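Please read the structure below before turning to the comments.
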Amino acid sequence: MYKAPSKTRPSPFDYMYKGPSKSQAGERLGAPAGNPFGYHYKAPSSSHAGSGASTARVGKAETTTVFFHEEAVRVGKRLPFYFPLTTPAALGFLPRQVADSVPFTTAALPGVLATFGIASDSATVASMEATLRACESPTIAGESKFCATSLEALVERAMGVLGTRDIRPVTSTLPRAGAPLQWYTVRVVRPVEGGPVFVACHDEAYPYTVYRCHTTGPSRAYMVEMEGARGGNAVTIAAVCHTDTSLWNPEHVSFKLLGTKPGGTPVCHLMPYGHIIWAKNVKRSTA
């Protein structure tokens, strides 16, 4: 049910990208590049069109995507999810001094390969190139984007984008080993305060931990506690619902699956294992 993603394809979660060429359109609608968003997208089944989640029937089995309508983020709703195995970067976060000393550009890649002892014909090279291209791509109007190669840089850049040092990370609580496809029932929904703009950071394929981060635009975020149909499979997902999709590519896969269009109803997606939403801390009155 889960197709291993191509290491060279761009991620469908680069949702504010410019319209793809005809030769790229198929790739843009396919599986994402080397990360847990790599679900095998299929057109939604008519029998599940109103369920709130994007689903499809393939043979005798049902598959799912990470896209769903905001109306599905309600207690009692049922959503089909499959969580794939997550393989973090082998070296984890590098110390900042070390990370800053390693050039992070496509032009410098040959030297980086030599530093880490990676053969130039290794399959790892393609995923590294894809990550660098994503990080070097131009920023779309109205979007803030950055890539961080150390924990310190990640936090500092997120604070800079949100305009405050008082921020907090929000992440999903999922099994690193993954979980099989099953229906999950929503038990608790907690809004994430600090919006309407958050910073979403996605773990990218690289020998050490690299996060590609961007502002979400007008959004609502939630922490959603769910219980799996197979006893004992409880998870908590961080979900982002984008409320303004007017600048999104009309060919984006979420529109195909949810039956909507740019500027239509909010498009929601979960944050996989290890991915982060940064939010402003909201100070409450003690009165």
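The values are calculated or read from the model by the stated rules, or taken from the named source; none is laboratory data. Model, not experiment: these values are computed from the prediction. With ideal geometry, Cβ positions are generated from the backbone for all residues, glycine too; neighbour counts draw on all protein chains shown. We work out accessible area using only protein heavy atoms, side chains counted, and drop any ligands, DNA or RNA first. Shrake-Rupley method; radii C 1.70, N 1.55, O 1.52, S 1.80 Å.
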Matching residues in the range 197-233 - criterion: being assigned to a strand (DSSP E or B), of a type in the set (Val, Ile, Thr) and over 30 Å from Thr115 (Cα atoms)
Val199, Thr215, Val224
Count of residues meeting criterion [in a helix (DSSP H, G or I) and over 23 Å from Leu109 (Cα atoms)] in the range 130-151
0
Among the candidates Thr236, Thr185, which residue alone is touching a residue at least 60 places away in the same chain (Cβ under 8 Å), in contact with a Ser or Thr (Cβ under 6 Å, 6 or more places away or on another chain) and assigned to a strand (DSSP E or B)?
Thr236
Looking for something among the hydrophobic types (A, V, I, L, M, F, W, C), within 19 Å of the chain's Cα centre (by Cα) and part of a strand (DSSP E or B) - is there at least one such residue anywhere in the range 251-265?
no
With the condition kept exactly as written, say whether any residue in the range 254-262 is closer than 30 Å to Ala153 by Cα and not basic (Lys, Arg).
no
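Residue-wise test of (1) more than 21 Å from Val186 (Cα to Cα); (2) of a type in the set (Val, Ile, Thr).
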residue	(1), (2)
Cys213	yes, no
Thr216	yes, yes
Ser219	no, no
Val224	no, yes
Thr245	yes, yes
His269	no, no
Lys280	yes, no
Lys283	yes, no
Among the residues of the range 122-145, is any under 20 Å from Ile277 (Cα atoms), of a type in the set (D, E, K, R) and open to solvent by 80 Å² or more (accessible area, probe 1.4 Å)?
no
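Yes/no per residue for (1) modelled with pLDDT of 90 or more; (2) open to solvent by 40 Å² or more (accessible area, probe 1.4 Å):
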site	(1), (2)
Ala61	no, no
Glu70	yes, no
Val75	yes, yes
Thr87	no, yes
Pro95	yes, yes
Among the residues of the range 216-244, which ones are open to solvent by 30 Å² or more (accessible area, probe 1.4 Å) and on the phi < 0 side of the Ramachandran plot?
Pro218, Arg220, Glu225, Glu227, Ala229, Arg230, Gly231, Asn233, Ala234, Thr243, Asp244
Out of all the residues in the range 239-250, is one or more under 30 Å from Phe93 (Cα atoms) and without any contact (Cβ under 8 Å) to a residue 40 or more places away in the chain?
no
Within the range 73-99, can you find the residues that are touching a strand residue (DSSP E or B) at 6+ places or on another chain (Cβ under 7 Å) and of a type in the set (D, E, K, R)?
Arg74, Lys77, Arg78
Restricting the search to the range 163-204, which residues are under 19 Å from the mean Cα position of the chain (by Cα) and either closer than 14 Å to Val282 by Cα or among the β-branched types (Val, Ile, Thr) (or both)?
Arg168, Pro169, Val170, Thr171, Thr173, Pro191, Val192, Gly195, Pro196, Val197, Phe198, Val199
Please state which one of Lys256, Lys261, Lys283 is at pLDDT below 95, in contact with a helix residue (DSSP H, G or I) (Cβ under 9 Å, 6 or more places away or on another chain), more than 30 Å from Thr105 (Cβ to Cβ) and of a type in the set (D, E, K, R).
Lys261
Scanning the range 131-160 for residues that are touching a helix residue (DSSP H, G or I) at 6+ places or on another chain (Cβ under 8 Å) and free of Cβ contacts under 8 Å to residues at least 60 places away in the same chain, which turns out nearest to Ser101 (Cα to Cα)?
Ser150
Residues of the range 101-128 classified as part of a helix (DSSP H, G or I), over 17 Å from Cys213 (Cα atoms) and touching a residue at least 40 places away in the same chain (Cβ under 8 Å), total
5
Taking the criterion of being crowded, with 16+ Cβ neighbours inside 10 Å, closer than 17 Å to His242 by Cα and at pLDDT below 95, would at least one residue in the range 172-184 satisfy it?
no
